[in-house]
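Here's the structure we're looking at; comments come further down.
The values are calculated or read from the model by the stated rules, or taken from the named source; none is laboratory data. Being a predicted model, the structure only gives us computed values, none of them experimental. All Cβ positions, glycine included, derive from the backbone under ideal geometry; neighbour counts span all protein chains shown.
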């Protein structure tokens, strides 16, 4: 069955979401997150697209971008290919990291542009990672508050006011508004709970995490592979349940 053609944006602006394959975590540590941001900035310059907002979550990334001469699809391919090559070398792995087809939606109006940007920045708060937008280092929100690094902040701030200080004040107020609007929402409810994973582990003959840790390496690795093969089980969740490091599980 042919893929549905992406909806084109007359403004050239898109909200893009990249997901980890099988909901896999994309970042093992802050060095991985910084590498992705640096990669994003590098290919932003090469591809010529504008980057109005971004947010790195555990297993997905949100971007608010405007394409230039090169299509957004080409730019996203450059970014993902470069990061995956680096990631696979670092963790001695091979294969895909991102879900093959990223999600996107056109952003046609000024109102929806600000809605999407707010939604992107509020992701860590909604997920309970931080209580305040400014606490989260891995989004473009801090760039709007101070010196921009890779985000093109002038367009959004200019919507609020020509006076920079006033624009930032109004931007902060808008960003902190409590809203239930969802844009390209990621579905996480289909994953297994920790209790469900533990029950499955017991069905495999392992009663506790400490018992799993004491198993012969080959048998331990086989059990971890089997559990990780379940729909919706992430490396982070498996590490949390078993007490085995994410890097070890990733290599397995």
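Quick notes on this one:
- Within the option set 49, 36, being over 18 Å from the mean Cα position of the chain (by Cα) and surrounded by 15 or more Cβ atoms within 10 Å (Cβ to Cβ) holds for one residue only, 49.
- Residues in the range 54-83 that are surrounded by fewer than 21 Cβ atoms within 10 Å (Cβ to Cβ), out of contact with any helix residue (DSSP H, G or I) (no Cβ under 8 Å at 6 or more places or on another chain) and not in a helix (DSSP H, G or I): 66, 69, 71.
- Here residue 202 fulfils each of the conditions (1) farther than 29 Å from residue 21 by Cβ; (2) assigned by TED's automatic domain parsing to the domain that holds residue 235 apart from (1).
- Per-region count, the range 26-45, residues in contact with a helix residue (DSSP H, G or I) (Cβ under 9 Å, 6 or more places away or on another chain) and within 17 Å of residue 84 (Cβ to Cβ): 12
- Residue 51 vs. criteria assigned to a strand (DSSP E or B), at negative phi and touching a helix residue (DSSP H, G or I) at 6+ places or on another chain (Cβ under 6 Å): yes
- Residue identified as assigned to a loop (DSSP other than H, G, I, E, B), surrounded by fewer than 17 Cβ atoms within 10 Å (Cβ to Cβ), at negative phi and at pLDDT below 85 among 185, 196: 185
- The residues of the range 110-128 that are assigned to a loop (DSSP other than H, G, I, E, B) and without any contact (Cβ under 8 Å) to a residue 60 or more places away in the chain amount to a single one, 128.
- Against the numbered list (1) outside the structural domain of residue 58 (by TED's automatic domain parsing); (2) at pLDDT 90 or above; (3) surrounded by 12 or more Cβ atoms within 10 Å (Cβ to Cβ), residue 159 comes up short only at (1).
- Filtered residues of the range 5-24 (kept if at pLDDT below 85 and either buried (at least 20 other Cβ atoms within 10 Å of the Cβ) or in a helix (DSSP H, G or I) (or both)): 21, 22, 23
- Scanning the range 87-111 for residues that are crowded, with 18+ Cβ neighbours inside 10 Å and farther than 30 Å from residue 251 by Cβ gives 104, 107.
- Any hit, the range 199-213, residues being over 21 Å from the mean Cα position of the chain (by Cα), crowded, with 17+ Cβ neighbours inside 10 Å and assigned to a helix (DSSP H, G or I): yes
- Taking residues in the range 234-250 that are on the phi > 0 side of the Ramachandran plot, and partners anywhere that are modelled with pLDDT of 80 or more and crowded, with 19+ Cβ neighbours inside 10 Å, the pairs with Cβ atoms closer than 9 Å and at least 6 places apart or on different chains are 243/212.
- Any hit, the range 168-180, residues being surrounded by 13 or more Cβ atoms within 10 Å (Cβ to Cβ), in contact with a helix residue (DSSP H, G or I) (Cβ under 6 Å, 6 or more places away or on another chain), over 19 Å from residue 252 (Cα atoms) and at pLDDT below 90: no
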